[in-house]
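This report concerns only the one structure given below.
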Amino acid sequence: MTAPRYVPLLNRALVEEAARQNQALWGYGRTDAEHVAHTAAQLDHAGPELLRYVGLVGDHGLVAASKRYGLLFRVGGREARVMGIGAVFTRASERGKGHAPALIGAMVAEARDLGYAAAILYSDIDPAYYARLGFVALPAVDAFALPAELPSARALAFRPANEGDFDRLSAWYEASWASSPGAIRPLRSRALWRFFAWRNRVAEASILSDGGRDVGYLLASLDDPRRDLPEPRPEGLLWVDEWSAPGVDPARVLATIRAVAEHAGAREIALWPRPDSPGAPLRSSARTASFPMILPLSPGLVVDPARDYLGSFEHF
């Protein structure tokens, strides 16, 4: 029997097999057929440069598989490609034989050969497993507040953004990182924005304005229970993916989030805070899943958990 070989682009039949086998882990209530269709829809929406399935294939078919994302990041002050690893699984009859780390190793070797700066993942198992492969854990924190706990004074006006606003959203997003120029963190292309907004069921961004002058944006909407965040959430939750309003008092942004929550009828607010996000009145607790982790691939690249960030918008 020959050792399983690494296949960098699984065909649709093998992708369907992978989806059927991992449905119990990541189906989120979908039937087998629905999960297969959902997996195919993700590939179709993303395209092969952004997302493909890779795997190990042996004499008797698929042994292990993973989603493989091609992402854009700011790494050490420069734009760089970063590989995302998601939905790693091994066929039940082949578990315990080292196939998952072998698959990850093959993916990392391919990314290094292509000049990628790093690999990232969100682990739903003990981070020590991936730490043994060289990945470094970043903070995994949930933050919560009741609308009434947030400031109420001087909220900004908000209105829906449209497709033509992307360049301004991107500029505000970049400006929000000015104080952390060396951070390892996501960049945004139009394709990445469209895909993750669709995949993670993120409603349209809101443009924030002050006295008629646009000053930033906010991504916050009532939580969609079909979104695959790692833990059960209560009904009536306003999920905040991110905001950027450079030069604006953060208390005013929090007041705006309160106004958005009240407008939407939300009973609670939740987010994964950035390292530079305001603390109180938000209440924080450690997450029990979706631990963000980074593996440096560029020589000299150092991960700083106090600065580097993987958020919920790009969660996969």
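The values are calculated or read from the model by the stated rules, or taken from the named source; none is laboratory data. All values reported here derive from a predicted model rather than from experimental measurement. With ideal geometry, Cβ positions are generated from the backbone for all residues, glycine too; neighbour counts draw on all protein chains shown.
For the reader, a short list of remarks on this structure follows.
- Those residues of segment 92-122 which are surrounded by fewer than 20 Cβ atoms within 10 Å (Cβ to Cβ) and part of a loop (DSSP other than H, G, I, E, B), in sequence order: ARG95, GLY96, LYS97, GLY98, LEU114, GLY115
- Exactly one residue among LEU56, LEU10, LEU51, LEU43 is closer than 24 Å to LEU71 by Cα, in contact with a helix residue (DSSP H, G or I) (Cβ under 8 Å, 6 or more places away or on another chain), assigned by TED's automatic domain parsing to the domain that holds ALA119 and free of Cβ contacts under 8 Å to residues at least 40 places away in the same chain, and that residue is LEU43.
- When the criteria are applied in full, LEU71 meets the requirement of being at pLDDT 95 or above and either outside the structural domain of ARG201 (by TED's automatic domain parsing) or of a type in the set (Val, Ile, Thr) (or both).
- Residue count for segment 250-281, restricted to those that are at pLDDT 95 or above, touching a Phe, Trp or Tyr at 6+ places or on another chain (Cβ under 7 Å) and more than 12 Å from TRP239 (Cα to Cα): 2
- Unique match (being within 19 Å of the chain's Cα centre (by Cα), farther than 23 Å from ALA46 by Cα and at pLDDT 95 or above) among LEU238, LEU187: LEU238
- Residues located in segment 236-250, provided they are outside any loop (DSSP other than H, G, I, E, B) and surrounded by fewer than 16 Cβ atoms within 10 Å (Cβ to Cβ): PRO250
- Test result for TYR129, among the aromatic types (Phe, Trp, Tyr) and out of contact with any Leu (no Cβ under 6 Å at 6 or more places or on another chain): yes
- Which listed residue is of a type in the set (A, V, I, L, M) and more than 29 Å from ALA289 (Cα to Cα), from ILE184, ILE257, ILE207: ILE207
- Residue list for segment 258-307, restricted to those being farther than 22 Å from ALA117 by Cα, free of Cβ contacts under 8 Å to residues at least 40 places away in the same chain and among the aliphatic types (A, V, I, L, M): ALA280
- Set side by side, the residues ALA41, ALA65 differ, and just one is closer than 24 Å to SER123 by Cβ and either small (Gly, Ala, Ser) or part of a strand (DSSP E or B) (or both), which is ALA65.
- Checked against (1) closer than 30 Å to GLU231 by Cα; (2) assigned by TED's automatic domain parsing to the domain that holds PRO278; (3) surrounded by fewer than 17 Cβ atoms within 10 Å (Cβ to Cβ); (4) not aliphatic (A, V, I, L, M), PHE166 passes all but condition (1).
- Selection within segment 123-150 - part of a loop (DSSP other than H, G, I, E, B) and crowded, with 18+ Cβ neighbours inside 10 Å: PHE135, LEU138, PRO139, ALA140, LEU150
- Taking the criterion of being loosely packed, with under 14 Cβ neighbours inside 10 Å and part of a strand (DSSP E or B), the only residue of segment 198-235 that qualifies is ARG213.
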